[in-house]
Amino acid sequence: MRRGPTDQAGDDGMSAISEAAATAGNASVAEYRDSFGKAVAKNVLVVAIGLSLNYVNVCLMYTFCKHQIFYLSPRYILFFHLVVNDMIQLSASVALFILSYAVYRIGVGLCCAFILTALVTSENTPLNLACMAAECYVAVCLPLSHARLCTVRRTLLLVGAIWGASLVSTLPDLLFTLATEPARFFSGRIFCLRETAFPSPVLALKRDVTYAAYLVLVWSVLFFLYFRILFTARSANKETKKAKKARRTIVLHGVQVLLCMTMYAVPLVKGALLLAFPKNYSDSLFACYVVVQILPRAISPIIYGVRDKCFRKHLRNYIVCQSGYDSRRRAMNGSHAGRPSRRNLGHP
């Protein structure tokens, strides 16, 4: 059986196999074998979960695009961006998971494209969640200024700023590697990890500093907004239903950010897993991949697809209408199948 890289979930959102010992243009990766049955089961499970989540996200996107009330609302525009971002990240992660079993090593150029996609979308997520929490704060604590501060145009500019910040954070990895690695490195084939695609120790240090900055920034924003909403409600001697819902939403955003931020601790977690479960390291890394990469992508549909009353109503109407249409179509096809064709009536 091919070496079992039960991974693609690391600190870049793509790898969870063993630590890659990257050395100047030539990386060696420790190998952990899976049996054929176990490898097939893991790939089937990952593909099934990925397709299911992307199907739900497509339904959410379709519902958003079909109703003007959503694409004229800054809150739902940020949610739509989060869903699209999650779909890109999840698709790239699942694709690399399958490739790690199917071909094991891929070209450096293709690997860099996958890794950069994963890096940018992974860093987009906590920034987007912080912006959604800020919009929630304005809606509750500054209701008279909400329409002026939170416009569609400003929201679109904010989405552009999120992508700009993530690109500024990740593109230097590629530029630095292009400047320091020999040309033969880019014509080779590697097992696709961030450490093997961008092997410089300087970039590893930059990664740690960036992760720490993101962690402090996003959590500071969430804590500040949560307590501002709480104190605003208490100062008014009552906590409205809207304020309670806003605080619960920010708590859910915090949980989602916490799950997303676990990827920043993956290098430490991988080392701990190797010490704790040396005989089942591959299985431990697979569990790490599911928790770090898949679980956070399942929370967005819950927050807005289920909890949000307005979105839930339109989404339910779409699903009910779609299932009703399919049932009528099957019934019509069945009735036509049991009826003889007119042109053959009276003929043998």
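Worth a mention:
- Inclusion of Ala95 among residues that are open to solvent by 20 Å² or more (accessible area, probe 1.4 Å), farther than 30 Å from Pro199 by Cα and modelled with pLDDT of 80 or more is not warranted.
- Test for Phe186: is it at pLDDT 85 or above, in contact with a strand residue (DSSP E or B) (Cβ under 6 Å, 6 or more places away or on another chain) and farther than 25 Å from Val84 by Cβ: no
- Looking across Ser73, Ser93, Ser52, one residue alone is within 19 Å of the chain's Cα centre (by Cα) and farther than 25 Å from Leu174 by Cα. It is Ser52.
- Candidates Phe185, Phe176, filtered to the one that is aromatic (Phe, Trp, Tyr) and open to solvent by less than 50 Å² (accessible area, probe 1.4 Å): Phe185
- Ala113 being free of Cβ contacts under 8 Å to residues at least 12 places away in the same chain, at negative phi and within 19 Å of the chain's Cα centre (by Cα): yes
- Lone unmet requirement of (1) closer than 19 Å to Cys111 by Cα; (2) at pLDDT below 85; (3) open to solvent by less than 10 Å² (accessible area, probe 1.4 Å) for Ala22: (3)
The values are calculated or read from the model by the stated rules, or taken from the named source; none is laboratory data. All of these numbers come straight from a predicted model, not from anything done at the bench. Methodologically, a virtual Cβ is constructed for each residue, glycine included, from the backbone with ideal geometry; neighbour enumeration extends over all protein chains shown. These area figures cover heavy atoms from the full protein model, side chains too; ligands, DNA and RNA do not enter into them. Shrake-Rupley method; radii C 1.70, N 1.55, O 1.52, S 1.80 Å.
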